[in-house]
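Some notes on the structure that comes next.
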Amino acid sequence: MIGEDVMVPLSEAEQLRQQLLQAQKLSSVGALASSVAHEFNNILTTIINYARLALRQQDEAARTQALEKILKGSQRAATIINSMLGFARNTSTQREMTDLIALVEEVLVLTDKDLSKHRIQVEKKYHGRPRAEVVPAQIEQVLLNLLINARQAMPRGGQLRIEVRENPRTQMVELSIADSGVGIPPDRLRLIFEPFYTTKEPDATGRGGTGLGLSVCRQIIEQHQGRIRVESLVGKGSTFTVKLPIVAHELPEKN
């Protein structure tokens, strides 16, 4: 009977944690919705124009070229929507050895148009092909949160640098995301991973940040027995570094 009393709250806590992760994930997807919709509109315009061109063409080579443009546009649309749906729906908690550079590239598919729209130039620096034992969907969520935060820190555009490397000495994979944005004041820096704390000002609609993004990031990374840290200078930008063990071990259950 005592065992039952102990287990029920733990189960409920885990359910609430999963609900929080999913809610925050959907919030991240929502932050990209406007840019994705704009890109879809451009892709559809391209498809419609080349379809009309193909219908008018008598020359077989020109018609084939138009159809190839239609196919390319359709494939691009399918890639974006499959990436977004896959990210939003994937609730797996199974760890697997994962190519972290491939994971970064998948997240960049989701954020590419959003970053481009806000005049963000991306620089990528990959060292080898680091792999780590992670829950891919959860690390994608961390990366997406950090990329969205970086973009929001550069309201007039800027530089975004992504670096991935393996540290053989510590047996950790290190992922860093650096922006050239507004930076975070020292008195706020120690609070940014706290739940519901946000440095974001309300936008034109009166909505600011939820204050959950970085808190969720820390929770996910700590469950992977990793670490997340930040360095920032006001007016110069911020660098978030995630360190993940190459092989993660299950944490012992708390009694």
Options E194, E174, E201, E166: the member that is more than 17 Å from the chain's Cα centre (by Cα), assigned to a strand (DSSP E or B) and either surrounded by fewer than 18 Cβ atoms within 10 Å (Cβ to Cβ) or at pLDDT 90 or above (or both): E166
The conditions are (1) on the phi < 0 side of the Ramachandran plot; (2) buried (at least 18 other Cβ atoms within 10 Å of the Cβ), and G158 fails exactly one of them. Which is it? (1)
Among (1) closer than 20 Å to R227 by Cα; (2) surrounded by fewer than 18 Cβ atoms within 10 Å (Cβ to Cβ) - the single one R119 does not satisfy: (1)
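Can you pull out every residue in the range 237-249 that is farther than 23 Å from E194 by Cα, surrounded by 14 or more Cβ atoms within 10 Å (Cβ to Cβ) and either at pLDDT 95 or above or of a type outside the set (G, A, S) (or both)?
Going residue by residue through the range 237-249, those that are farther than 23 Å from E194 by Cα are 245-249.
Now restrict to residues that are surrounded by 14 or more Cβ atoms within 10 Å (Cβ to Cβ): 245-246, 248.
Answer for the range 237-249, where residues must be farther than 23 Å from E194 by Cα, surrounded by 14 or more Cβ atoms within 10 Å (Cβ to Cβ) and either at pLDDT 95 or above or of a type outside the set (G, A, S) (or both): P245, I246.
Does R151 meet the test of being without any contact (Cβ under 8 Å) to a residue 40 or more places away in the chain and in a helix (DSSP H, G or I)?
Numbers: without any contact (Cβ under 8 Å) to a residue 40 or more places away in the chain: no; in a helix (DSSP H, G or I): yes.
Considered against the rule, which asks whether it is without any contact (Cβ under 8 Å) to a residue 40 or more places away in the chain and in a helix (DSSP H, G or I), R151 comes out as no.
The values are calculated or read from the model by the stated rules, or taken from the named source; none is laboratory data. In this text the structure is predicted, and so the values were computed from the model without any measurement. Here Cβ is always computed from backbone atoms with ideal geometry, including for glycine, and neighbour counts include all displayed protein chains.
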